[in-house]
């Protein structure tokens, strides 16, 4: 079981290194197969670990394993340490499983690109990093995985590096993530000072003993990292720009796995958050605010990928809401179902984009239902799951979070209201997207540019993963149903016991209202975009500019930094570098000039000098004697 | 086997003499120098094999009396951390000599002789355990550098050399005064076991020399020009190794021997280091050329290393030693890459570069890997060093760690700017299709450096576990006194 | 030994020395400067011999002989310089001869 966990971690890394070193000797398709096989191996290994854990009794399901010492300093020892426990295995299965499907899909999607090998090396590197993050047994290695995931994201967003917009988006994503890394590092420093270690089993039990401000600062630092990685308020601006990357990248990194790392972090370190209840509530509040904000912005987006991106931001807001209120298992359950249906939506969108030779603007689409029937149905399943319509996956997971919010007291109930508004918006923007792209008459653009996909390897690799995900999105929700059938909660109980459980009545009421709101949203979307019975309202500039966050950050951080750097260059560096030496040389020259005036050239002056000195010397001699 | 350290110092010197005396062809001169450098690396590996890392004390040491009436002796030996610094030195020098061999230098006999002499002097600085001997090697470092920068440098080399030498000499003279006073007052010039001293003035004399060489803000006026005008491999040595000699001096002499003044002056020195860290990062972010970015990032990294050293605790010291080795390898690789880029594009200005990744996978991979490690992405060895340093300095005061956090973000900004300006978007005016990818010879000296960095990223404990015996703080208050 | 006390000899010697010194400092012609220099040397010679007489030893007289030899050599050099200057039609004025200034 432990060996399987290590294989799960290192298989993708091995593939990445092999692809890099083999270079041109490996065919492009071969690189794809290598990457896919390695991630498949990871998934199998994760299953083996899962089976191994099942054999243990619930209280014994915790197996740390250290391979070597990574960083040491006197009494401090941080090892290359993984842990096999319910939470990590849960994430391993999601990451490796969905990752396998998406990397396989990439073989078809990226077929023909000049730099396929680089792409697959980066994808394998990403899977390794994400697995490192979820498998790590101490917070330092978690931070290492955290950073490597951010790195892989930078590499993949900027994959088509000849596009300035892609490079700018990649840099933006990395720098915002770096801010999160910095706050997390500060939290870790405080933890080291308090507990002398970063291993989970040493740190978490001591959490209740931290003082008030220490616990708050630690939780706040961790929250900063989570917010940056998961693109929540206030560090959410990088995610929409990240859509510059290839669609499978958006599916894997910016929907299913990397952006959910923040949720994982909160659940994993929940004892630290519980010691700082205000911060935990802040997390929930930020999640609620984000889900509302993102839902509103999604309403006015015209790029199909951006709608799905904002939808991701919004859904992660739900997960933060759940985790922040202590409904850890519910948040993780939604993470899993979201991975299924969001990846599905991205991949289906990818097929649409591929078929239209790269076009992503929904205003130019229309009537694709006739050209891509299977894709349309896959997309429909995904959209229904996202909107939370039973019996699809999203219904079970999202509603369990909202029900738990109801049970949390006045604050939870406030957030419940926000969540409900979000449900309405979700139905609305999701089906706006579906109706705009698939319904109606085929637009002129579609008629001109559509080209069907062939049936060979490319077609298979595009179709089968989408098919699998469609099934998962449809049926995945059946893994947990309210209070009645809770294998997910039971599984995660030893690691992250829930703080709040909804009562049966709350569950039922919340679910009913949510479903009604979702279907209402779908109905409004149908009214405006499907049946074209009404004009869409004019969009607000506020929404079109994404609430002006980009402009705000530009003015608040980027420009002052540039200004400060230029000012330092002009007022400190130039004088220091050129000035100091010039001053020094000038001073010495002055001294020389002064001294030079003694050399008059007049013999008499010299004679006078000699005479005077002798006189003085004699006087001194006489006086001293 | 205690002649090993002396052999490490004298092998390159002997190589230099051989090159100057024997009538060799120009090609043979370069290959001889390269062989000597590689033999030096081999000798160092042998020392590692013979070294017992569990003991904190001086090993592989040798001592003979020199001026017996002044109690000056020829005393050389190595600690764990100095062994790693010597290793970094010989590896970087081998790579630099390989670069020069590949690039071709005129007047090769003079050039390679000076490079080998510099190697010997640098190893001597790290190995010397007698104050006067340390000073001799310190100055011996300067002479070859003066000629190397002044003769084989770029257009503004004369001014750069002059400023460099004047600044360094000023600091060294203050150090000489301190050495003499210290030696006379404690009766011996030996560093091992001679106890501590509480005088602030003597401490400041040493600090002045090391602060100029490192450099520490604001004594860095020599840095931009020296790094820009020297040839790439000399810049690599300056930035990678010579600055670490200063950091080593801080550790071995200033902190170990002057515990009282260290805690007295800790806050001002940390303030200067922090200023250098932020200042260097900001200026690297706006630097207009490749060398400028690397030069100012060097200033920032030395500020970070000083942070770690003057935290004077386990995490800080281990992190600082690890970061010394890291930064040596990183900046050497970056400067050698910069040299390769300048040869291909005839300029280092970022505005005229760009788009070099297309068709040049090796260059893109190596530059990307090194740049990403340089910005200390979590998971890399530079991150391990930085994390340990900031965790250590956090105990002195949380504000320092916050400064470090800001520097983390700035490092991401300037490094990514450099990478993208060179590799990404469309080819700049200076980049033509004739500019080829990295040749096998270039890979020959770049890949080992990058490989070292990658191995260290997987296993930083190779160095942190093996620098000070059991724990740095006990070594500082014990065997290093 | 009869004759005046050594003090009187010293007075004369001092008088000669000061006159010579004054001449060196004030006069502008190099020839006169050399002349004054000779007077200074003679003054010191007188002092030396007076002291030799006073102590009854001959060290002072030997020293005076050495001084005379030096004086002669230096006069040769000095006069040679002055003749060279005259040959070149240079102004024999010490104030005007200042090419060696800094």
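The values are calculated or read from the model by the stated rules, or taken from the named source; none is laboratory data. Bear in mind that the values here come from a model prediction, so they are computed numbers and not experimental data. As a convention, Cβ positions derive from the backbone with ideal geometry for all residues, glycine included, and neighbour counts pool all protein chains shown.
Being at the interface with chain B (Cβ under 10 Å from one of its Cβ atoms), part of a helix (DSSP H, G or I) and under 19 Å from residue A:270 (Cβ atoms), is that true of even one residue in segment A:227-238? For segment A:227-238, residues at the interface with chain B (Cβ under 10 Å from one of its Cβ atoms), part of a helix (DSSP H, G or I) and under 19 Å from residue A:270 (Cβ atoms): absent. Could you please let me know if residue B:135 is modelled with pLDDT of 95 or more and either in a helix (DSSP H, G or I) or under 24 Å from residue B:180 (Cα atoms) (or both)? Yes: the conditions hold for residue B:135. Considering each residue of segment B:444-481, count those that are within 22 Å of the chain's Cα centre (by Cα) and touching a residue at least 60 places away in the same chain (Cβ under 8 Å), and give that number. Residues flagged as within 22 Å of the chain's Cα centre (by Cα) and touching a residue at least 60 places away in the same chain (Cβ under 8 Å) within segment B:444-481 amount to 22. Would you please name the residue that is surrounded by the most Cβ atoms within 10 Å (Cβ to Cβ), looking only at residues in segment B:187-213 that are without any contact (Cβ under 8 Å) to a residue 60 or more places away in the chain and within 22 Å of the chain's Cα centre (by Cα)? Applying the filter and picking the extreme gives B:213. Considering each of B:310, B:285, B:250 in turn, give the residue that is within 14 Å of another protein chain (Cβ to nearest Cβ) and out of contact with any strand residue (DSSP E or B) (no Cβ under 7 Å at 6 or more places or on another chain). Residue meeting the stated conditions: B:285.
Whenever a residue of segment B:216-242 is more than 14 Å from chain A (Cβ to nearest Cβ), its partners that are in a loop (DSSP other than H, G, I, E, B) and crowded, with 24+ Cβ neighbours inside 10 Å, lying with C-beta atoms within less than 7 angstrom and at least six residues away or across chains, give the pairs B:238/B:230. Scanning segment B:317-357 for residues that are more than 14 Å from every other protein chain (Cβ to nearest Cβ) and within 14 Å of the chain's Cα centre (by Cα) returns B:324, B:327, B:328, B:329, B:330, B:331, B:332, B:333, B:334, B:335. Tallying residues that are under 19 Å from residue B:414 (Cα atoms) and in contact with a helix residue (DSSP H, G or I) (Cβ under 9 Å, 6 or more places away or on another chain) within segment A:568-604 yields 3. Across segment B:297-316, the qualifying residues are those that are in a helix (DSSP H, G or I) and farther than 23 Å from residue B:219 by Cα, and the one among them that is nearest to the chain's Cα centre (by Cα) is B:316. Among all residues of segment C:72-80, there is none that is surrounded by 13 or more Cβ atoms within 10 Å (Cβ to Cβ), assigned to a loop (DSSP other than H, G, I, E, B) and within 14 Å of chain A (Cβ to nearest Cβ). Just one residue in the set A:65, A:88 is outside any helix (DSSP H, G or I), touching a helix residue (DSSP H, G or I) at 6+ places or on another chain (Cβ under 9 Å) and away from chain B (no Cβ under 14 Å); that residue is A:65. When residue B:82 is tested against (1) in contact with a helix residue (DSSP H, G or I) (Cβ under 6 Å, 6 or more places away or on another chain); (2) without any contact (Cβ under 8 Å) to a residue 12 or more places away in the chain, just one condition goes unmet, and that condition is (2). Looking at A:151, A:155, which one is under 13 Å from the mean Cα position of the chain (by Cα), within 18 Å of residue A:238 (Cβ to Cβ) and within 10 Å of chain B (Cβ to nearest Cβ)? Answer to the selection: A:151.
For residue A:146, the conditions (1) surrounded by fewer than 24 Cβ atoms within 10 Å (Cβ to Cβ); (2) facing chain B (nearest Cβ under 10 Å) all hold with the exception of (1). Do we have residue B:277 as within 14 Å of chain A (Cβ to nearest Cβ), modelled with pLDDT of 95 or more and either buried (at least 22 other Cβ atoms within 10 Å of the Cβ) or farther than 28 Å from residue B:99 by Cα (or both) here? So residue B:277 passes the test.
All conditions in (1) surrounded by 24 or more Cβ atoms within 10 Å (Cβ to Cβ); (2) at the interface with chain B (Cβ under 9 Å from one of its Cβ atoms); (3) farther than 30 Å from residue A:201 by Cα hold for residue A:129, with the sole exception of (3). The combined condition, being surrounded by 18 or more Cβ atoms within 10 Å (Cβ to Cβ) and touching a helix residue (DSSP H, G or I) at 6+ places or on another chain (Cβ under 9 Å), is not fulfilled by residue B:31. All conditions in (1) closer than 18 Å to residue A:314 by Cα; (2) part of a helix (DSSP H, G or I); (3) in contact (Cβ under 8 Å) with a residue 24 or more places away in the chain hold for residue A:437, with the sole exception of (1).
So that you can scan it fast, the table gives a plain yes or no per residue for (1) within 14 Å of chain B (Cβ to nearest Cβ); (2) over 30 Å from residue A:395 (Cβ atoms):
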| site | (1), (2) |
| --- | --- |
| A:520 | no, no |
| A:551 | no, yes |
| A:557 | yes, yes |
| A:581 | yes, yes |
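With respect to residue A:417, determine if the residue is touching a helix residue (DSSP H, G or I) at 6+ places or on another chain (Cβ under 8 Å), within 18 Å of residue A:521 (Cα to Cα) and surrounded by fewer than 24 Cβ atoms within 10 Å (Cβ to Cβ). The answer is no for residue A:417.
Checked across segment A:70-80, the condition of being away from chain B (no Cβ under 14 Å), surrounded by 24 or more Cβ atoms within 10 Å (Cβ to Cβ) and within 26 Å of the chain's Cα centre (by Cα) holds for no residue. Restricting A:576, A:593, A:569, A:619 to residues that are within 10 Å of chain C (Cβ to nearest Cβ) and part of a helix (DSSP H, G or I) narrows the list to A:593. Contact annotation: residue pairs with Cβ atoms under 6 Å, 6 or more positions apart or on different chains, pairing a residue in segment C:87-102 that is within 7 Å of another protein chain (Cβ to nearest Cβ) and in a loop (DSSP other than H, G, I, E, B) with a partner that is exposed (fewer than 12 other Cβ atoms within 10 Å of the Cβ) and at pLDDT 85 or above, are C:102/A:596. Can you pull out every residue in segment B:199-244 that is closer than 18 Å to residue B:89 by Cβ and in a loop (DSSP other than H, G, I, E, B)? Listed by number, the residues that qualify are B:214, B:230. Restricting segment A:160-171 to residues that are surrounded by 22 or more Cβ atoms within 10 Å (Cβ to Cβ) and more than 7 Å from chain B (Cβ to nearest Cβ), the residue that is farthest from residue B:402 (Cα to Cα) is A:166. When we screen B:47, B:73 for residues that are part of a strand (DSSP E or B) and either touching a helix residue (DSSP H, G or I) at 6+ places or on another chain (Cβ under 9 Å) or without any contact (Cβ under 8 Å) to a residue 40 or more places away in the chain (or both), the only hit is B:73.
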